[in-house]
Amino acid sequence: MNINLRHLSPISALIAIFVLLATPSLSAQTDTLRLIFAGDIMGHTPQIKSAEVVPNKTYNYEPCFRYVKPLLEQADLAIGNLELTLPGKGPYTGYPMFRSPDALAEALKNAGFDILVTANNHSNDARGAGVTNTIETLRKNGFQHTGTFRNQRERDAYYPLMVYKDGFKIAILNYTYGTNGIPTEAPTIVNLIDTVQIRKDLDEALARKPHYIIAIMHWGLEYQLTENAEQRTLARFIIRHGADMIIGAHPHVVQPARVESVKMPDGSTKEALVVYSLGNFISNQRQAHTDGGLLYQVELLKTKGNPKPRLGTHGYIPIWRYMHQAGGKTTYYALPIARLEANPQLFKDMAATAKQNMLSFAQNLRKRLGPAELKP
């Protein structure tokens, strides 16, 4: 806005100055993209049985995500780690070979998930046909996905996954440390952690000029509450070669989240958020600390005229897996703990012992992670 104050009366000039001061500068306009990440989506045998409506035929997972659905839907992009296969037909099984009904994908979509990553140590649990059907089922239900591929041609065409949302262009990469010794059947592909390949993929991502690069890693040691040296070394490598954020899975327990500083080849310092493990989103695991996990929420802020977004508000939302028993049936729920603390009537039928277990889980989590909790 250009105004020549010399040609205005004193009163008009004062009004014009007020308008100039009160009008936001277009160059300062900031766009926001809200991301939310969920941990391991598991499919143990008791979970499959609990979702069964017609034996060996019809399944319903909708109740599992009823209480987290509002949190997922308020995000611009909700991303989860699908640690199971969708073979398309029975027999459906849990540990050690995770093969779940396709109905789970439909329930996850209805709950608000937009993107699922599929590179994990259980990717090959239903062999090559399971890799293929998992991909086809996710596509049929409207998901974007990455980490596994039907063949090399599809990996070349669709990897890294480029996500376009509200003026943001995001590249997502996904890798796993292994597949439990089950070989990947050609022509399917499961992305494995290989620093040579990861660097090539990051170079490809950078060449596509995204605003932000996110790597989702299936790594670390199960049930360990802190990350190990191998995770830290790999995180620094991935950041140094282009990633702006790293989200971790696999340990089945929550590990630290912090902004890591990495020395770059030109001597500068780059900072990137690393969440080493989100823990379990929903499962039947009973080991210590496996009865819950995090939703981790991140806001990316992009100012007009500056192509590189910056990290805005970010923090965790504790989630607890509740197994509700009624009428001889068990139903699994992913529950946002803070909402139940604020409104106990949200799930008024919860048993006293279960409520105490939930509060103990939350207390331990908050003690380890500190004050970065977001109130949903």
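The values are calculated or read from the model by the stated rules, or taken from the named source; none is laboratory data. Just so it is clear, the model here is predicted, and its values are computed rather than measured. Please note: Cβ atoms are built from the backbone with ideal geometry, for glycine as well, and neighbour counts cover all protein chains shown.
Some observations on this one:
- Filter result for Val53 (modelled with pLDDT of 90 or more and farther than 29 Å from Val275 by Cα): yes
- Exactly one residue out of Ala243, Ala272 is crowded, with 18+ Cβ neighbours inside 10 Å, assigned to a loop (DSSP other than H, G, I, E, B), of a type outside the set (Phe, Trp, Tyr) and at pLDDT 95 or above: that is Ala243.
- Any hit, segment 167-190, residues being touching a strand residue (DSSP E or B) at 6+ places or on another chain (Cβ under 9 Å), outside any loop (DSSP other than H, G, I, E, B), surrounded by 15 or more Cβ atoms within 10 Å (Cβ to Cβ) and among the aromatic types (Phe, Trp, Tyr): yes
For every residue, the table says whether it meets (1) surrounded by 19 or more Cβ atoms within 10 Å (Cβ to Cβ); (2) among the acidic types (Asp, Glu); (3) without any contact (Cβ under 8 Å) to a residue 24 or more places away in the chain.
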{"residue": "Ala126", "(1), (2), (3)": "yes, no, no"}
{"residue": "Gly130", "(1), (2), (3)": "yes, no, no"}
{"residue": "Ile135", "(1), (2), (3)": "yes, no, yes"}
{"residue": "His145", "(1), (2), (3)": "yes, no, no"}
{"residue": "Tyr159", "(1), (2), (3)": "yes, no, no"}
{"residue": "Asp194", "(1), (2), (3)": "no, yes, yes"}
{"residue": "Arg199", "(1), (2), (3)": "no, no, no"}
{"residue": "Met217", "(1), (2), (3)": "yes, no, no"}
{"residue": "Ala229", "(1), (2), (3)": "no, no, yes"}
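- When the criteria are applied in full, Asn124 meets the requirement of being among the polar types (S, T, N, Q), in a loop (DSSP other than H, G, I, E, B), in contact with a helix residue (DSSP H, G or I) (Cβ under 8 Å, 6 or more places away or on another chain) and more than 30 Å from Lys304 (Cα to Cα).
- With respect to the conditions (1) modelled with pLDDT under 95; (2) among the hydrophobic types (A, V, I, L, M, F, W, C); (3) in contact with a strand residue (DSSP E or B) (Cβ under 7 Å, 6 or more places away or on another chain), Met323 lacks only one, and its number is (1).
- Here Tyr95, Tyr164 are screened, and the one residue that is on the phi < 0 side of the Ramachandran plot, aromatic (Phe, Trp, Tyr), surrounded by fewer than 22 Cβ atoms within 10 Å (Cβ to Cβ) and not in a strand (DSSP E or B) is Tyr95.
- Top-ranked residue of segment 31-46 - restricted to ones that are out of contact with any Phe, Trp or Tyr (no Cβ under 6 Å at 6 or more places or on another chain), aliphatic (A, V, I, L, M) and in a strand (DSSP E or B), ranked as nearest to Tyr322 (Cα to Cα): Ile36
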